[in-house]
Amino acid sequence: MGNIKKNSKFQQILNLGIQGRVKEAIPLVKKLKTNGLTKKEKEFVRIFRERFEKREPKRYQSKNPFVKQLINIYQDYWFQCLLNEKSGKVAQTWLHKNVSSLANIHGFSFKKKFNDDYYCKRLKDIVEKQGYNCITGTVEPIHELEIWKNEKTKKYSVQLPDTKETVKTVLLQKFIVKGWMDFATIGVYYPGGWAKRDGLYCNSNAYNLKSEKFRVSFLTHEAQHFSDYKRFPKLEQIDLEYRAKLAELFAAKRIHRKALIAFMSMAEPNRKSPHAFANYCVVRDVSRIALEKDYPKSSTDWSRISRDEINLAARELIKKHSAALRKKGARKVKTCIQ
């Protein structure tokens, strides 16, 4: 679902979706007047209302019986979380129980008692036996499922604010499921990729691989995660995202203001939503240096700030953050963001 105006009318709805708070977005969608909306925006409203008011699942393309049933279970689980029908722990217990039962029906056993790490590894192994690739685990605050068919590998050299990384990058193609965020925002937002300790993984359909957006928003962002996993192995998601977004601003040559405006539009001082809180902290801290104010009044405030000022502010902030982390103990520190 592209071509949705990310203005105040839709951005609040999308932000709630990104944070897993779809129930709060339902009354906002109901209030939208369709007059003046584009065809795509009207389609967004229609699908959103069908999905979250009538609880109609999304149709995913797979002929594999296990994968189809697995996706149905995950959609039920996502409804439970996004519509606040069950608490996070209760919903996850329901998910684990139903997926392990499905696996047993198809001849794949789960341990009688297991933790989330075992669950993720076992499910990944089962999906791969069906001829697919997948990633599971928690993308705060909800358990994730992404499934794709094809992949190929390249290596990239990435300059970061205080180091350089050469990273194996797996380019993923032919996605069947793109995760709960795609489900919650009717396809407007979904993960473009992620970092693991063995390299980077990119949804290649999300980017023009020759663009600055790919180089900055994916490669630099995820390479910062890759580097931080080694240097600060216990670091929590808020601090990881804060550092990766600063790395983007350090590396951006043409999209520096666009990136800041995007961070600002999705910012919220809510620690329960790591991405939104990291956005808020980045905008706040860059503003304090570049604008000499605690927080910009509007996105137009960035128009008088040069690229060099933004690049340098981001580099200064990430170095300051690195020093604070090392002071707390690089191998054990979890957070130092306030």
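Whenever a residue of the stretch 129-156 is free of Cβ contacts under 8 Å to residues at least 40 places away in the same chain and of a type in the set (Gly, Ala, Ser), its partners that are part of a strand (DSSP E or B) and surrounded by 21 or more Cβ atoms within 10 Å (Cβ to Cβ), lying with C-beta atoms within less than 9 angstrom and at least six residues away or across chains, give the pairs GLY137/HIS143. Just one of the listed residues (LYS210, LYS234, LYS253, LYS258) is in a loop (DSSP other than H, G, I, E, B) and free of Cβ contacts under 8 Å to residues at least 12 places away in the same chain, and it is LYS210. The one condition from (1) touching a helix residue (DSSP H, G or I) at 6+ places or on another chain (Cβ under 8 Å); (2) aliphatic (A, V, I, L, M); (3) in contact (Cβ under 8 Å) with a residue 60 or more places away in the chain; (4) surrounded by fewer than 19 Cβ atoms within 10 Å (Cβ to Cβ) that ILE73 does not meet is (3). Take the conditions (1) surrounded by fewer than 18 Cβ atoms within 10 Å (Cβ to Cβ); (2) out of contact with any strand residue (DSSP E or B) (no Cβ under 9 Å at 6 or more places or on another chain); (3) farther than 24 Å from LEU172 by Cβ; (4) modelled with pLDDT under 95; PHE110 misses just one of them, which is (1).
Which ones in the stretch 158-207 are hydrophobic (A, V, I, L, M, F, W, C) and assigned to a helix (DSSP H, G or I)? Step through it out loud before you land on a result.
Step one: list which residues in the stretch 158-207 are hydrophobic (A, V, I, L, M, F, W, C), which gives 158, 160, 167, 170-172, 175-177, 180-181, 183-184, 186, 188, 194-195, 200, 202, 206.
Result: TRP180, MET181, PHE183, ALA184, ALA206.
Exactly one residue among LYS297, LYS332, LYS319 is out of contact with any helix residue (DSSP H, G or I) (no Cβ under 8 Å at 6 or more places or on another chain) and part of a helix (DSSP H, G or I), and that residue is LYS319. Within the stretch 249-272, can one find any residue that is among the aliphatic types (A, V, I, L, M), modelled with pLDDT under 95 and over 22 Å from LEU312 (Cβ atoms)? Yes, the conditions are met somewhere in the stretch 249-272.
For the stretch 1-23, taking the residues that are surrounded by fewer than 17 Cβ atoms within 10 Å (Cβ to Cβ) and either at pLDDT 95 or above or over 23 Å from SER299 (Cβ atoms) (or both), the one that is farthest from the chain's Cα centre (by Cα) is identified as LYS23. As for the stretch 25-36, it holds no residue that is closer than 24 Å to GLU146 by Cα and surrounded by fewer than 18 Cβ atoms within 10 Å (Cβ to Cβ). When each of VAL99, VAL45, VAL90 is tested for being closer than 19 Å to VAL127 by Cα and among the β-branched types (Val, Ile, Thr), the lone residue that passes is VAL99.
The values are calculated or read from the model by the stated rules, or taken from the named source; none is laboratory data. Not measured: the values here are computed from a predicted model. Note that each Cβ is placed from the backbone with ideal geometry, even for glycine, and that neighbours are counted across all protein chains shown.
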